[in-house]
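Asks: Pasting in a structure now, in structure tokens, and then I'll have a few things to ask.
The values are calculated or read from the model by the stated rules, or taken from the named source; none is laboratory data. Note that this is a predicted model, so its numbers are computed, not measured. Neighbour counts are summed over all protein chains in view; Cβ atoms, including those assigned to glycine, are modelled from backbone coordinates with ideal geometry.
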């Protein structure tokens, strides 16, 4: 099976290409491969061949310099700026010889704010109230109301879930479900709604299990937060546990450094980073931290899963039950140790007797094996027959013990969805402390070619005086969390401020939000980025305060309409002389359709479809595929996110790939999107519901006006009313004679579907 042997034998591949090796040379290679391909060379530890990285020189790069507050630049039009943000924007616009675009009208601004802050369109009543509000602070009042909405967390939590590659399955070759991933999703939504300081949010996700908690509920919340490190894809088909572990470690290094600091540190796994000042020792300093951490992702064994996982136990809330130990995992299996299971009254004595018998029979079996060991090779069948009675007794004892421990007996009954038996208590994905140890450098990333051991630590290029030294008895995650959120860390606040700016304007100040390194783009407005980062920290790392300051700036209120001069000199709108014309994301399009039809259920969905299905192999579960796309009236953030099996609408409209870090989604325009809006049973059904809503109006023009308010958030022009009523009349006339009410519904449903499919519905002006 060796690819090398195939090549030298010229069996498909031909190496060396010019002349085949002799038969004797090939035979020598075959014998060497059969020996396990040993390395005959003698010598010490393998060494790295490398270029020298100058850490001090690397620290001069802009991203590793501390953010500084610059004086507000002077501007010619002094009446235009309404705050520091506007000064930085306008000064660059004027320097280019341009002028900012006109302000957007109130209706456009209201729709923009609703989608940007809560991911939903304004209702006709909300829009009318804002348009009628003539107070000077009407805009501020609207912004404050939206920031307090529970839908804010659903919108902004989803942005973070893109970055942390949230999913409800492992992906890759053996795609197993994560039935408990929903807890992390709800934790993120709740965090943004409560406006938990961002530095605290980061610390909870990296080391929540190590932070103090005052109540059982808070302890549970902190455990759930660490699913940040457990959520990545898992190659459950990997046979080698060491490779599997290092792949998880690599994924954890990548998510921690890219999500929080915008750095591609994982590129240093096999060699020094080619572009940034990260020697491979820095990678393995971080690897030691995560190798000293146990990842609890909780997939059951069997069906090709060679890497079953555990889960973190949560403490029961609102019961008299004794709280579970803070750092004990619960295996997702029925055969958990007796001390971790509930026993029925009166069974304790009998259980002890059976366990004693079990030990005795196991000892008897081992002694019998030892006596028969010499005969095994000579007569294997006879040996197995001799051991069979003892094995039978042991199986019966195991069965009785399992029944007394509450694990049931006999064959485990599988659930309808193909999942295994659910754990008896509340559990979650996450991490916990493992066995603390430093990690040796893996030369070229190879687990079998090891270099020197590297003391656990952080990136040398980000030197923070007074940062905590790692406790030798712990993993180092707590110290890592403190280092990431230290006031002197130059990147953490910058990266998040840039993410917030991107989501509100459609373009980041750094257009590569997940890469602030040399291969990323430099900031278009470095002084503004530093201002936002410093303000973010000064405002106690409040995401809501940062959002508020941006949306109340004059720059945010600009129209998206281009002008000739601006388009000619700055076609990419790098200077932000106008607002970017943005397509809604997949979730907002779906939620807007449900809102227009009146069918949206605004309440949070309890748990998840995947939690109802339970443990399942995605590739072998037809029920799961059906349920992923079944009718669901809740907001799109609660849809099941199964790797390689996304709901159809999310997949078509450029939903974030859940196996990778996505700080910026791709936006495509493809025929499949138009075909979906034209033929999807979901869109047709919602069009019917919307038609029933507008048919309640007294006449056709009123119905058209209501349809436009529901779908587009504005009043139609007289020409649009005439065109729409004409379309409805023509549709009714083209239908076969019969049920007049049915013809009315079909005609108005067609108009509603046309509005849902139009570009104005899908784009923010």
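Asks: Condition first: part of a helix (DSSP H, G or I) and touching a residue at least 24 places away in the same chain (Cβ under 8 Å). Can you find one or more residues in the range 6-28 that meet it? So that I can check it myself, show each step before the final result.
Replies: The first filter runs over the range 6-28 and keeps only residues part of a helix (DSSP H, G or I), leaving 6-8, 23-28.
Then drop every residue that is not touching a residue at least 24 places away in the same chain (Cβ under 8 Å), which leaves none.
Checked against the condition, which is being part of a helix (DSSP H, G or I) and touching a residue at least 24 places away in the same chain (Cβ under 8 Å), the range 6-28 yields no hits at all.
Asks: Just give me the residues in the range 194-226 being out of contact with any helix residue (DSSP H, G or I) (no Cβ under 7 Å at 6 or more places or on another chain) and either part of a helix (DSSP H, G or I) or in contact (Cβ under 8 Å) with a residue 24 or more places away in the chain (or both), in sequence order.
Replies: Applying the first criterion (out of contact with any helix residue (DSSP H, G or I) (no Cβ under 7 Å at 6 or more places or on another chain)) to the range 194-226 yields 194, 196-197, 199-200, 212, 214-220.
Once the filter is applied, which keeps residues that are out of contact with any helix residue (DSSP H, G or I) (no Cβ under 7 Å at 6 or more places or on another chain) and either part of a helix (DSSP H, G or I) or in contact (Cβ under 8 Å) with a residue 24 or more places away in the chain (or both), the range 194-226 yields 194, 197, 199, 200, 216, 217, 218, 219, 220.
Asks: Could you say whether any residue in the range 179-191 is out of contact with any strand residue (DSSP E or B) (no Cβ under 6 Å at 6 or more places or on another chain) and not in a helix (DSSP H, G or I)? Step through it out loud before you land on a result.
Replies: Restricting attention to the range 179-191, the residues satisfying the condition of being out of contact with any strand residue (DSSP E or B) (no Cβ under 6 Å at 6 or more places or on another chain) are 179, 181-182, 184-191.
After this cut, where a residue has to be not in a helix (DSSP H, G or I) as well, the list is 179, 181.
Taking every residue of the range 179-191 in turn, at least one turns out to be out of contact with any strand residue (DSSP E or B) (no Cβ under 6 Å at 6 or more places or on another chain) and not in a helix (DSSP H, G or I).
Asks: OK, next. When residues of the range 61-72 are filtered for being within 13 Å of residue 530 (Cβ to Cβ) and in a loop (DSSP other than H, G, I, E, B), how many remain?
Replies: 8
Asks: Quick check on my filter: what residues within the range 529-552 are outside any helix (DSSP H, G or I) and within 19 Å of residue 110 (Cα to Cα)? Let's see the steps before the verdict.
Replies: In the first step, residues of the range 529-552 are kept if they are outside any helix (DSSP H, G or I); the result is 539-542, 552.
Matches in the range 529-552: 552 only.
Asks: Tally time: how many residues in the range 553-565 are surrounded by 17 or more Cβ atoms within 10 Å (Cβ to Cβ) and either in contact with a helix residue (DSSP H, G or I) (Cβ under 8 Å, 6 or more places away or on another chain) or in a loop (DSSP other than H, G, I, E, B) (or both)? Before you say what the answer is, go through the steps one by one.
Replies: Step one: list which residues in the range 553-565 are surrounded by 17 or more Cβ atoms within 10 Å (Cβ to Cβ), which gives 553-560.
Imposing the further condition that a residue be either in contact with a helix residue (DSSP H, G or I) (Cβ under 8 Å, 6 or more places away or on another chain) or in a loop (DSSP other than H, G, I, E, B) (or both) reduces the set to 553-557, 559-560.
Final tally of qualifying residues: 7.
Asks: Consider residue 50 carefully, then state whether it is out of contact with any strand residue (DSSP E or B) (no Cβ under 6 Å at 6 or more places or on another chain), surrounded by 10 or more Cβ atoms within 10 Å (Cβ to Cβ), at pLDDT 90 or above and closer than 24 Å to residue 271 by Cα. Steps first, answer last, please.
Replies: Numbers: out of contact with any strand residue (DSSP E or B) (no Cβ under 6 Å at 6 or more places or on another chain): yes; surrounded by 10 or more Cβ atoms within 10 Å (Cβ to Cβ): yes; at pLDDT 90 or above: no; closer than 24 Å to residue 271 by Cα: yes.
No; evaluated as a whole, the condition is false for this residue.
Residue-by-condition table, conditions (1) touching a strand residue (DSSP E or B) at 6+ places or on another chain (Cβ under 9 Å); (2) modelled with pLDDT of 55 or more; (3) over 30 Å from residue 66 (Cβ atoms):
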{"position": "256", "(1), (2), (3)": "no, yes, no"}
{"position": "263", "(1), (2), (3)": "no, yes, no"}
{"position": "267", "(1), (2), (3)": "no, yes, no"}
{"position": "276", "(1), (2), (3)": "no, yes, no"}
{"position": "284", "(1), (2), (3)": "yes, yes, no"}
{"position": "321", "(1), (2), (3)": "no, no, yes"}
{"position": "327", "(1), (2), (3)": "yes, no, yes"}
{"position": "338", "(1), (2), (3)": "no, no, yes"}
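Asks: Considering each of 418, 409, 434 in turn, give the residue that is modelled with pLDDT under 90 and touching a strand residue (DSSP E or B) at 6+ places or on another chain (Cβ under 9 Å). Talk me through it step by step, then tell me what you get.
Replies: Details: 409 fails: touching a strand residue (DSSP E or B) at 6+ places or on another chain (Cβ under 9 Å); 434 fails: modelled with pLDDT under 90.
Going through 418, 409, 434 in turn, just one is modelled with pLDDT under 90 and touching a strand residue (DSSP E or B) at 6+ places or on another chain (Cβ under 9 Å): 418.
Asks: Quick one: is residue 688 over 26 Å from residue 129 (Cα atoms), in a helix (DSSP H, G or I) and without any contact (Cβ under 8 Å) to a residue 24 or more places away in the chain?
Replies: Judged against the criteria, residue 688 is not a match.
Asks: Residue 244 is checked against (1) within 13 Å of residue 295 (Cα to Cα); (2) surrounded by fewer than 22 Cβ atoms within 10 Å (Cβ to Cβ); (3) modelled with pLDDT of 95 or more and fails just one. What number does that condition carry?
Replies: It is condition (3) that residue 244 fails.
Asks: Related question: Of the conditions (1) surrounded by fewer than 19 Cβ atoms within 10 Å (Cβ to Cβ); (2) over 30 Å from residue 511 (Cα atoms); (3) without any contact (Cβ under 8 Å) to a residue 40 or more places away in the chain, residue 628 clears all except one; give me its number.
Replies: (1)
Asks: Here's a follow-up. Answer yes or no: is there a residue in the range 459-470 that is part of a loop (DSSP other than H, G, I, E, B), surrounded by fewer than 20 Cβ atoms within 10 Å (Cβ to Cβ) and under 26 Å from the mean Cα position of the chain (by Cα).
Replies: First pass over the range 459-470, keeping only residues part of a loop (DSSP other than H, G, I, E, B): 459-470.
In the following step, the residues that additionally are surrounded by fewer than 20 Cβ atoms within 10 Å (Cβ to Cβ) were identified as 460, 463-469.
From the residues that got through so far, the ones that are under 26 Å from the mean Cα position of the chain (by Cα) too are none.
Among the residues of the range 459-470, not one is part of a loop (DSSP other than H, G, I, E, B), surrounded by fewer than 20 Cβ atoms within 10 Å (Cβ to Cβ) and under 26 Å from the mean Cα position of the chain (by Cα), which makes the answer no.
Asks: Please note which helices (runs of 4 or more DSSP H) are completely contained in the range 123-164 and include at least 1 residues that are within 26 Å of residue 656 (Cα to Cα). Let's see the steps before the verdict.
Replies: On the way: elements: 124-132, 138-148, 151-163.
Once the helices (runs of 4 or more DSSP H) in the range 123-164 are filtered for at least 1 residues that are within 26 Å of residue 656 (Cα to Cα), what remains is 138-148, 151-163.
Asks: Could you list, in sequence order, the residues of the range 234-248 that are farther than 17 Å from residue 310 by Cβ, touching a residue at least 40 places away in the same chain (Cβ under 8 Å) and assigned to a helix (DSSP H, G or I)?
Replies: Result: 242, 243, 246.
Asks: Using the structure shown, decide if residue 586 is surrounded by 21 or more Cβ atoms within 10 Å (Cβ to Cβ) and within 21 Å of the chain's Cα centre (by Cα). Can you show your working first?
Replies: Values: surrounded by 21 or more Cβ atoms within 10 Å (Cβ to Cβ): yes; within 21 Å of the chain's Cα centre (by Cα): yes.
Spelling it out, residue 586 is indeed surrounded by 21 or more Cβ atoms within 10 Å (Cβ to Cβ) and within 21 Å of the chain's Cα centre (by Cα).
Asks: Can you confirm whether the range 493-503 contains a residue that is in contact with a helix residue (DSSP H, G or I) (Cβ under 7 Å, 6 or more places away or on another chain), part of a loop (DSSP other than H, G, I, E, B), surrounded by 21 or more Cβ atoms within 10 Å (Cβ to Cβ) and modelled with pLDDT of 95 or more?
Replies: no
Asks: Within the range 722-730, is there a residue that is touching a residue at least 60 places away in the same chain (Cβ under 8 Å), closer than 22 Å to residue 111 by Cβ and over 37 Å from the mean Cα position of the chain (by Cα)?
Replies: Restricting attention to the range 722-730, the residues satisfying the condition of being touching a residue at least 60 places away in the same chain (Cβ under 8 Å) are none.
Checking the range 722-730: not a single residue is touching a residue at least 60 places away in the same chain (Cβ under 8 Å), closer than 22 Å to residue 111 by Cβ and over 37 Å from the mean Cα position of the chain (by Cα).
Asks: Among the candidates 672, 696, which residue alone is more than 15 Å from residue 177 (Cβ to Cβ), outside the structural domain of residue 173 (by TED's automatic domain parsing) and assigned to a loop (DSSP other than H, G, I, E, B)? Before the answer, list the steps.
Replies: Numbers: 672 fails: assigned to a loop (DSSP other than H, G, I, E, B).
Answer to the selection: 696.
Asks: Quick check on my filter: what residues within the range 606-631 are closer than 14 Å to residue 168 by Cβ and assigned to a loop (DSSP other than H, G, I, E, B)?
Replies: Correct list: 607, 608, 614, 615, 616, 621.
Asks: Would you confirm, using the coordinates I've provided, whether residue 63 is in contact (Cβ under 8 Å) with a residue 12 or more places away in the chain and crowded, with 19+ Cβ neighbours inside 10 Å? So that I can check it myself, show each step before the final result.
Replies: Working: in contact (Cβ under 8 Å) with a residue 12 or more places away in the chain: yes; crowded, with 19+ Cβ neighbours inside 10 Å: yes.
Yes: the conditions hold for residue 63.
Asks: Out of all the residues in the range 744-756, is one or more under 30 Å from residue 509 (Cβ atoms) and surrounded by 18 or more Cβ atoms within 10 Å (Cβ to Cβ)?
Replies: Of the range 744-756, the ones under 30 Å from residue 509 (Cβ atoms) are none.
For the range 744-756, residues under 30 Å from residue 509 (Cβ atoms) and surrounded by 18 or more Cβ atoms within 10 Å (Cβ to Cβ): absent.
The rows are residues; the columns are (1) outside the structural domain of residue 536 (by TED's automatic domain parsing); (2) closer than 30 Å to residue 193 by Cα; (3) surrounded by fewer than 21 Cβ atoms within 10 Å (Cβ to Cβ); (4) modelled with pLDDT under 95.
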{"residue": "79", "(1), (2), (3), (4)": "yes, no, yes, no"}
{"residue": "94", "(1), (2), (3), (4)": "no, no, yes, no"}
{"residue": "97", "(1), (2), (3), (4)": "no, no, yes, no"}
{"residue": "100", "(1), (2), (3), (4)": "no, no, no, no"}
{"residue": "108", "(1), (2), (3), (4)": "no, yes, yes, no"}
{"residue": "113", "(1), (2), (3), (4)": "no, yes, no, no"}
{"residue": "116", "(1), (2), (3), (4)": "no, yes, no, no"}
{"residue": "121", "(1), (2), (3), (4)": "no, yes, no, no"}
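Asks: Continuing with this model, one more query. Kindly list the number of the only condition in (1) out of contact with any helix residue (DSSP H, G or I) (no Cβ under 7 Å at 6 or more places or on another chain); (2) assigned by TED's automatic domain parsing to the domain that holds residue 209; (3) at pLDDT 95 or above that fails for residue 461.
Replies: All conditions pass for residue 461, except number (1).
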